[in-house]
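Have a look at the structure below before the remarks.
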Amino acid sequence: MMKKEFIGERIRSRRKALKLTQQALAKGIGVSHVAVSQWEKEETVPRGENLLRLAEWLQCTAAWIMDGDGEVFAAPLAVSNVKALPLISLTQAAEWLHEQRLVIQQQATRFVYSDYPLSELALGVTLEDGSMQPDYRPGDTLIFDPAVAPQPGDGVLANVNGVVHVRIFRLVAQLHDEQCFSLRPLNEDFPTFSSSDHDVQLIGTLMEMRRYRAK
């Protein structure tokens, strides 16, 4: 029978032995720090992929976490380069490059995983309209990286007059250190924006697209 009463103690002791905070462990797994706290208090039990990722970060086996079977690995295991990126709304994305980003990261409850070499600023959003059809559909998950400068033809996430849109970046002119560019949709029924006519802030460059089949 599974010894649930000892699961939290094993997680907590192993985390402290590896000098990991609850926040750091949660970020690595791709859950909220509240979830880690609940595991350690034995209010909930890690399951499925979360359990496997927890075992990876605690450098032990899932069986040891759940019932104490086996030995904890003495030698450190290489933690994969998979990043857990917060999957946020377009409204939240408007604040991503400001101080509010830290609050958004801490409160995130949904994540998307990627092993692509991305910066710590990378984020995921769900496309909400048909502006990028036929290449991208509403419901597609898009990963953007603010640390990557867009090239002509790249998809970008941009704040235009306070509203966040996904568009294709097109360089119109380079004036000294300032770029004049347009942001066009793939669907002609949606508007094109020009940096000369609108207040535009580029949030990030499109790095990856995910499309999940409906159940």
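Here the Karplus curve 6.51 cos²θ - 1.76 cosθ + 1.60, taken at θ = phi - 60°, turns the phi angles of region 7-18 into couplings of 4, x, 5, 5, 4, 5, 5, 5, 4, 5, 5, 8 Hz, with x standing for Gly and Pro. Exactly which chymotrypsin sites (Phe, Trp or Tyr not before Pro) in region 171-215 are in a DSSP loop and have at most 10 other Cβ atoms within 10 Å? The qualifying sites are Tyr212.
Most tightly packed first, judged by the mean number of other beta-carbon atoms within 10 Å of their residues, the peptides 42-51, 201-210, 128-137 read 201-210, 128-137, 42-51.
What is the sum of charges around Val164, taking Lys and Arg as +1, Asp and Glu as -1, for the other residues whose C-beta is under 14 Å from the C-beta of Val164?
Numbers: positive: Arg101, Arg167; negative: Glu95, Glu128, Asp129, Asp199.
Residues near Val164 contribute -2 overall.
Projecting the Cα positions of Val45, His176, Thr141 onto the charge dipole of the chain (unit charges on Cβ atoms of Lys, Arg, Asp and Glu, taken about the Cα centre) puts Val45 furthest along the positive direction. Taking amide hydrogens as placed 1.01 Å from N in the peptide plane, the amide H of Val112 sits under 5 Å from those of Leu85, Leu87, each at least 5 positions away in sequence or on another chain.
For the chain, set up a GNM with springs between Cα atoms under 10 Å and report which of Asp177, Asp197, Asp154 has the largest fluctuation. For the chain, modelled as a Gaussian network with Cα springs under 10 Å, the answer is Asp177.
Relative contact order of region 92-215, taken over Cα pairs closer than 8 Å and 6 or more residues apart, is 26 percent. Distance from the Cα centre of region 28-68 to that of region 127-204, in angstrom? A separation of 39 Å, based on Cα centres. Taking amide H positions as modeled 1.01 Å from N, with prolines and chain starts lacking one, no residue 5 or more places away or on another chain lies under 5 Å from Gly130.
In the neighborhood of Ile29, defined by Cβ-to-Cβ distances under 14 Å, what is the net charge if each Lys or Arg adds +1 and each Asp or Glu adds -1?
Values: positive: Arg14, Arg15, Lys27, Arg47, Arg53, Lys83, Arg110; negative: Glu40, Glu49, Glu56.
It works out to a net charge of +4.
Seen against the Cα atoms of the chain and their longest principal axis, helix 48-57 is set at about 80 degrees.
Here the Karplus curve 6.51 cos²θ - 1.76 cosθ + 1.60, taken at θ = phi - 60°, turns the phi angles of region 179-189 into couplings of 9, 10, 9, 10, 10, 10, x, 7, 9, 5, 6 Hz, with x standing for Gly and Pro.
Couplings 3J(HN,Hα) of region 103-113, computed from phi: 5, 4, 4, 5, 8, 4, 10, 10, 9, 10, 9 Hz, in residue order, whole Hz [Karplus 6.51 cos²θ - 1.76 cosθ + 1.60, θ = phi - 60°; x for Gly and Pro].
A short reminder: the numbers here are calculations on the coordinates, not readings from a lab. Computed from a prediction, not measured in an experiment: that's the story for all the values here. Neighbour counts are summed over all protein chains in view; Cβ atoms, including those assigned to glycine, are modelled from backbone coordinates with ideal geometry.
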